[in-house]
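Working notes, structure below.
Rule-based calculations on the coordinates, nothing more; no lab input. Quick caveat: nothing in here was measured; it's all calculated off a predicted structure. Here the Cβ is made from the backbone with ideal geometry for all residues, glycine too, and neighbour counts use every protein chain on show.
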Amino acid sequence: MLLLVIGVFTELDRESLARRPKPGLEEHSGLEKLTEETLDKQCSTPIKEMHPSTFQTELNPVTPSSTFLHQLTRHSQQRNLKAGRAVHAQIIRAGASTCTKHANGLVNLYAKCGHLPKAHSIFSSIISKDVVSWNSLITGYSQHGGLSSSRTMFDSSDDRNSITWSAMVTGYSQNGESLEAVKLFSRMFSAGIKPSEYTIVGVLNACTCSSLATLELGKQVHGHTIKHGFSLEVPIGSALSTMYSKCGSLEDGSLVFQRTPNKDVVSWNAMISGLSHNGRGDEALELFEEMLAVGTEPDGVTFVNVISACSHKGFVERGWSYFNNMSDQFGIVPKVDHYACMVDLLSRAGQLKEAKELIESAGVDHGLCLWRILLSACKNHGSCELGAYAGEKLIALGSRESSTYVLLASIYTVLGRMRDVERVWGLMRANGVSKDVGCSWITLEKQCHTFVVGDTMHYRIEEIKDLVRLVSRPMMEEGFTTVLDSSHVEDGTQLVLS
């Protein structure tokens with residue numbers, strides 16, 4: 001009866017009472033020990049081999065199935081693995097683990113909590129798998145970086161619905177595999193599956209990825225939303241505004257934003273961000289004030305966008321005001337992104353000493369990012385001594401980025417401190433840091449062409465080299481010097497085509 005009592009109180013959200021020792025029950029082992037023992041036994045016996053009578057001795061078998069499902073759903077949403085495992089033990093002891101609905105709930109629990117091996121083990125033991133079984137595991141793998149496993153499960157499933165497709169499309173998008181997300185979205189239409197709003201949002205996010213960023217594709221997706229009768233309600237309206245803004249079509253983004261009913265903070269953030277990152281900081285700040293005027297409460301993302309707008313416009317005092325008000329007026333604790341925007345704001349304005357003081361007084365663990373911003377700004381402003389200080393901080397913190405060493409060596413070269421230059425190159429080699437190879441790309445006639453420094457395998461390499469020589473001639477006539485063959489002076493690695 002112990003687990004039944006705890007289950008009842010948990011269901012009533014009186015967990016503190018449920019955890020109190022019950023008179024006369026001191027001889028019983030603790031819940032955690034009982035849970036572990038039950039789960040250990042379950043792990044050694046597949047669900048399909050269990051008999052309902054196996055675990056009915058310590059829990060009343062009449063516990064409603066809906067109670068288990070409700071508890072599993074709640075703990076999955078809260079990512080509360082410990083509480084979920086306790087419910088798992090209750091299910092096993094009630095002899096209810098053979099129920100497909102319960103098994104699906106358990107797969108969902110472990111998958112959402114990132115316990116993928118356990119989720120897969122339970123999934124494999126389900127006799128009558130349904131689409132919910134597949135969706136739970138595919139979504140879990142997608143959300144926790146197991147894209148290859150997720151895709152294997154997806155391809156193995158013969159029972160796919162819009163949720164299954166959405167999980168894969170969103171998984172690819174969230175993990176930076178934008179091109180795969182778009183390809184799968186296209187396959188989804190070919191299969192005659194109507195997308196859900198989450199599928200639409202996932203593929204729109206893929207369209208705004210910096211490595212894809214294609215307005216034409218985004219417009220096609222927008223067309224699909226109209227064709228299938230989706231409104232501009234959140235989250236689709238917000239995703240469309242973001243897509244248009246990030247692809248540089250602010251007019252279309254603004255039009256979608258204006259037509260979006262019941263705007264939430266995500267909608268406002270999308271438009272403020274778009275204006276800020278497209279050089280229209282004044283309008284971004286005006287929109288922020290309008291957002292406050294209509295009573296929409298800003299969040300942390302809002303202030304990242306607002307301070308970023310101040311940074312691009314050079315509004316130092318206004319940036320400080322927003323930075324301070326976010327905690328004083330709205331109770332939002334500044335995080336790394338907010339400090340990064342402030343350091344960038346101060347650095348762009350040439351207030352490098354103030355930027356250094358803010359970094360050293362920051363109440364967050366910022367790792368390397370703030371010193372990296374300051375180092376780059378010192379190089380741009382010619383503040384060599386402070387730049388050397390920031391560079392040494394980065395190396396002391398274990399920076400693995402080649403740009404840190406290159407910039408620091410460059411600063412020491414300007415200062416004439418050649419011993420320090422050699423020391424920095426030596427540290428770079430000793431730490432196994434190599435200079436990043438340059439890469440660029442351009443989209444022409446709907447085809448993306450990628451160029452990597454030192455690449456001699458491009459199928460049109462001879463034409464490329466001839467064209468470089470052709471455009472170099474007028475440059476040299478104007479007094480410029482071109483280098484078609486160059487080496488990295490530190491390690492002798494060939495970097496440029498010859």
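Take the alpha carbon atoms of segment 62-110, find their center, do the same for segment 364-396, and report the distance between the two centers in whole angstrom. Here the answer is 51 Å between Cα centres. When segment 304-378 is described by a simple charge dipole with +1 on each Lys and Arg Cβ and -1 on each Asp and Glu Cβ, the residue from Ser321, Cys378, Val336 located farthest towards its positive end is Cys378. Dipole magnitude for segment 277-333: computed about the Cα centre from +1 point charges on Lys and Arg Cβ and -1 point charges on Asp and Glu Cβ, it is near 220 debye.
Using Cβ counts within 10 Å as a stand-in for footprinting exposure, how do Leu255, Leu72, Leu116 rank, fewest first?
Going from sparsest to densest Cβ surroundings: Leu255, Leu116, Leu72.
For the pairs Lys219/Lys335; Lys112/Lys335; Lys194/Lys263; Lys219/Lys263; Lys183/Lys219; Lys246/Lys313, flag any whose C-alpha to C-alpha distance is greater than 23 Å. Where the Cα-Cα span goes over 23 Å, the pairs concerned are Lys219/Lys335; Lys112/Lys335; Lys194/Lys263. The phi-based Karplus calculation (6.51 cos²θ - 1.76 cosθ + 1.60; θ = phi - 60°) puts the 3J(HN,Hα) values of segment 152-159 at 4, 5, 4, 5, 7, 7, 9, 10 Hz, whole numbers, x for Gly and Pro. Each Lys and Arg adds +1 at its Cβ and each Asp and Glu adds -1 at its Cβ; summed about the Cα centre, segment 334-436 shows a dipole of about 280 debye. Model label sites at Ala430 and Ser65, defined 7 Å from Cα along the beta-carbon direction, differ in position by 6.7 nm. Find out how many positive minus negative residues lie around Trp371, taking Lys and Arg as positive, Asp and Glu as negative, among other residues whose Cβ is under 12 Å from that of Trp371. In short, 0.
Using C-alpha pairs under 8 Å with a sequence gap of at least 6, the mean separation divided by the residue count of segment 277-333 gives a relative contact order of 35 percent. From least to most packed, judged by other beta carbons within 10 angstrom and beginning with the fewest, Tyr198, Tyr405, Tyr459, Tyr412 follow the order Tyr459, Tyr198, Tyr412, Tyr405. Rounded to the nearest 20 debye, the dipole size of segment 108-190 about its Cα centre is 120 debye, using +1 on the Cβ of Lys and Arg and -1 on the Cβ of Asp and Glu. Of the residues Asp130, Asp264, Asp158, Asp337, the one with the fewest other Cβ atoms within 10 Å heads the list, and the complete ranking is Asp158, Asp130, Asp264, Asp337. Here's the picture: charge each Lys and Arg Cβ at +1 and each Asp and Glu Cβ at -1 in segment 273-394, and of Ala388, Ala284, Leu368 the one pushed furthest to the positive end of that dipole is Ala388.
Converting phi to 3J(HN,Hα) with the Karplus coefficients 6.51, -1.76 and 1.60 and the offset θ = phi - 60°, segment 283-299 yields 5, 4, 6, 5, 5, 4, 5, 5, 4, 5, 5, 8, x, 7, 6, x, 10 Hz in sequence order, with x at every glycine or proline.
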